[in-house]
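Step one of this worksheet: look at the structure below.
A short reminder: the numbers here are calculations on the coordinates, not readings from a lab. Predicted model, so just to flag it, every value in this text is computed and none were measured. Glycine also receives a Cβ, built like all others from the backbone with ideal geometry; neighbour counts cover every protein chain displayed.
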Amino acid sequence: MKKIVYVTNTQYIRKDIAEGILAEKFDLRFVDAVTEDDLILKCADANAIVITDPDVTAKAMDGMPNLEYISGAIIGFNTVDVEAAKQRGIPVSNNPKYCTNEVADHAAAFILSLARRIIDYNEEVHVKKMYNALASGYPIHRLSTQTLGLIGFGSISRALTIRMKGFGMNIIAYDPYVTKEQGILAGVEIVDMPELCKRSDIISLHLPHMKSTDKIINKSVFDMMERKPIFVNCARGGVVDEDALVEAVKEGKVSLAGLDVVTNERVPIEDNPLTKQKNIIMTPHAAFYSIEARIEQQELGCKHVLWFYEGKYDQLPIVNGVKPQAAKV
């Protein structure tokens, strides 16, 4: 009897891609399931699920009693209760590499757009019909005189480092899991959070959202920022206290911000106070996107299920420490 595999988001996982990888060996089914109730109602007999960002809670897992594996097709796994999955012996994987270059490019684009005031100049030319570079008196500095502080120093931060080194920037990073020696090898100085906040002209976030990082960038952190930095978040909205960010921008502790993510992406964006701030530019969680990345995202999300049941466990990026023990297809 074939294992039952559900693809839970037909907007993000193309049917033809999933079928090409999984249809031959699995009973492959397509649904749209976002909430825990959706999963229980539509995927109750699942052996494995391919997900983007549904609420895979303990209750949802209990409503799928045959569930053996959760394959996340995206980098983030904050909507999955990974501890509950661990308690139930269910491995959870994410998809950590498919958009490394895209997110690094997007963060670099935010940095350049904000540092060079591209959005403001564009508005002056198109809306205000002004054509005078010096009229607004923007405090623009040469990038090679600036310090970029990276919070989190994984693959995306390392890719961004390569890009911004090309502009001659001094780069420092905070990551409790990276040693000073490892930082030196990557061309950055590893520092603690207070020092990073004190020294940085630009701060870019690149860390996952989980219990230990929830609202880790809060009022006390913004209060440590001495140089009124540009602030960029292409990671996860939940790592930032958004109310504190709004206040930091209003008070000038943060001069400008570029955000690709917000804490709750299911709430209408017009209700988010971040959108009311002139000094914050935003994109709709688009940093991951390129045509190439989207194809790779979908392929890997499905291939992880195939590899799980083929016993190719060393190729699976398991995030909750559960050693896979799958029944073979």
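A few remarks follow.
- Summary of the geometry: the stretch 278-315 and the stretch 32-48, compared by the centres of their Cα atoms, lie 21 Å apart.
- With 27 Å as the limit, the listed pairs LYS180/LYS250; LYS25/LYS211; LYS2/LYS97; LYS3/LYS323; LYS303/LYS323 have LYS180/LYS250; LYS25/LYS211; LYS2/LYS97 beyond it between alpha carbons.
- The C-alpha atoms of the chain define a longest principal axis, and helix 291-310 lies at about 40 degrees to it.
- For the pair ARG29 and LYS276, the difference between a 0.36 nm per residue extended length and the Cα-Cα distance amounts to 84.7 nm.
- Here the chain has an Rg and Dmax of 21.6, 73 Å, counting Cα atoms alone.
- Comparing TYR131, ALA33, ILE217 along the charge dipole axis of the chain, the residue lying farthest to the positive side is TYR131, per the Cβ-charge model.
- GNM result for the chain, Cα springs below 10 Å: residue of GLU270, GLU68, GLU19 fluctuating most strongly: GLU270
- Highest mobility in the GNM of the chain, judged by mean-square fluctuation with C-alpha springs under 10 Å and restricted to ASN78, ASN170, ASN272, is found for ASN272.
- Distance between the stretch 125-187 and the stretch 60-74 - C-alpha centres, whole angstrom: 39 Å
- Fully extending the segment from GLU265 to ASP62, taken as 0.36 nm per residue of separation minus the present Cα-Cα distance, adds 70.5 nm.
- Using a Förster distance of 41 Å, the FRET efficiency for HIS141-SER212 (Cβ separation, nearest 0.05): 0.75
- Cross-link partners for LYS253 among the lysines, with Cα-Cα distance under 19 Å and sequence neighbours closer than 8 places in the same chain left out: LYS198, LYS215, LYS219, LYS228, LYS276, LYS278.
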